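Worksheet: the structure to be examined is printed underneath.
None of the figures in this text is laboratory data; all of them are computed from the coordinates on show. Everything numeric here is computed off the predicted structure, so don't read it as measured data. Note that we place each Cβ from the backbone using ideal geometry, even for glycine, and neighbour counts take in every protein chain shown.
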Amino acid sequence: MSVGAPRALASSGQKPITEILHPLSAAEEPLSVPVGVDKQEVGLTNGTPVETSSPASTSSLFNRLQLDDDLEADVRDPYADSTEMRDLFVTVDDPKKHVSTMETYITYRVSTKTSRVEFDLPEYCVRRRYQDFDWLRIKLEDSQPTHLIPPLPEKFVMKGVVDRFSEEFVETRMKALDKFLKRVADHPVLSFNPHLNAFLTVKDLNKRQGLALLSKVGESVKHVAGGYKLRARPAEFCAMGEYLDTFNQKLGTIDRIAQRILKEQSEYLTELREYGGVYSSWVGSEEELRRPLEGVAGCVTTSCGALEDLGDNMSLDFLPVLREYVLYLESIKNVLRKRDQSQAEYEGRLEAAILRKQEDRTPMPLEVEKCQDKVECFNADLKADWERWQSNKRHDFKQLLTGMADRNINSYEKSQAAWESLITLLQDKQTEDKTSETS
């Protein structure tokens, strides 16, 4: 793809990123009011803000958000969009262990290919450690408070259980970091964030200066709603909250049962190995049964290997995805809380302004209009990110469940093939015995 003029945001379709003023920025330019709307007449006469959300009930909206609905949307693969529409590609790979007198840590190679004019070069390659990814996420959350920031894998989620420098742990974390960065790079707004640009291009982030400006963007929502109380969350966002609670319960139940299955499989595997060892030791005292006994021992060994692979796949592939989405739910709930805070601030300021207007007929303060714009911005961004998250979730869980089915089938097929070969062996042995008896 050739490098051209700055592209418009996919979410807006109107202006290049450099021309867009975020409603939560520190700038004080007056915000426009829709044509035909009097600035002095905002909200209802009783002080209640105008409800712009869908009139559908919470229960009906919640039903539309169930896990097994929207079959038509399920058919659509979020990653099936034509590659030529994308202009930023990132990859996390090649983990390396670094040992110094002060600490031991892992770095990962972050490779970037792009045709965007915001980048000086078409390709970059830098090394990053976990705390650098954490820095990026914090910066994105501070500068883009209205958007859903993908979660990072927890730093010490397996502390005390496995070695965090083990090959399995590092591989699992690398996959999670790669997914995190790809989600950010594919986002129509987050991918234009200057902090992401610095993360992808600067060799040493500690030497990077001048990125504090955008952190001010989120300051207006960090301490809002002081003294204000939200009257009622709009129905569509109530439905989101209910869906998140239900989904979280489902994931928690699956995770709890899966952990119990893994524990029982581990105990069964120990017994199975001991069981196979008995047949191996039996061979020395039963020469005439050597082939059948060795065959049984071999079948048990094959079954042990298949079961061990099944458990490893659940630990390294299945459970991390569940945990990622548990963390995702917390991220969405955090954005919902910030949205509610902005709405509460708007309602409080609007009510106070209406009371002042009734007393001395003062015009509606500009700060009320800005608060309204903040709420509308939160609503629009959260809805767009919600749809994107739902699409990604459908894709991820279809892939996850399909992979789980394939691995179970492969495991049982290995065991079945081993035991079927034993039957053939025993039948051949029986035929040989009959022949020798006849002769």
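Brief remarks on what is shown
- Added length on full extension, which subtracts the Cα-Cα distance from 0.36 nm per residue, residue 316 to residue 395: 26.6 nm
- Each listed q (0.09, 0.23 Å⁻¹) maps to a log10 I(q)/I(0) for the range 284-390, found by the Debye formula over equal Cα scatterers with no solvent: -0.54, -1.13.
- Evaluated on the range 235-438, the Kirkwood hydrodynamic radius is 22.8 Å, with distances taken between all distinct Cα atoms.
- Annotation for the range 166-203 versus the range 386-406: alpha-carbon center distance of 20 Å.
- The range 224-291 and the range 92-128: distance between their alpha carbon centers, rounded to Å: 34
- Taking every alpha-carbon pair in the range 87-201 and binning the separations at 5 Å intervals from zero gives 2, 11, 22, 23, 19, 12, 7, 3, 1, 0 percent.
- FRET efficiency for residue 281 and residue 204, using Cβ-Cβ distance with R0 set to 51 Å, rounded to 0.05: 0.25
- Histogram of C-alpha separations across the range 330-420, 10 Å bin width, %: 14, 24, 18, 14, 11, 8, 6, 4, 2, 0
- Measure of compaction for the range 339-383 (Cα Rg per 2.2 N^0.38 Å): 1.25
- When each of 179/263; 338/370; 182/250; 155/175; 182/383 is checked by Cα-Cα distance, pairs over 18 Å: 179/263; 182/250; 182/383
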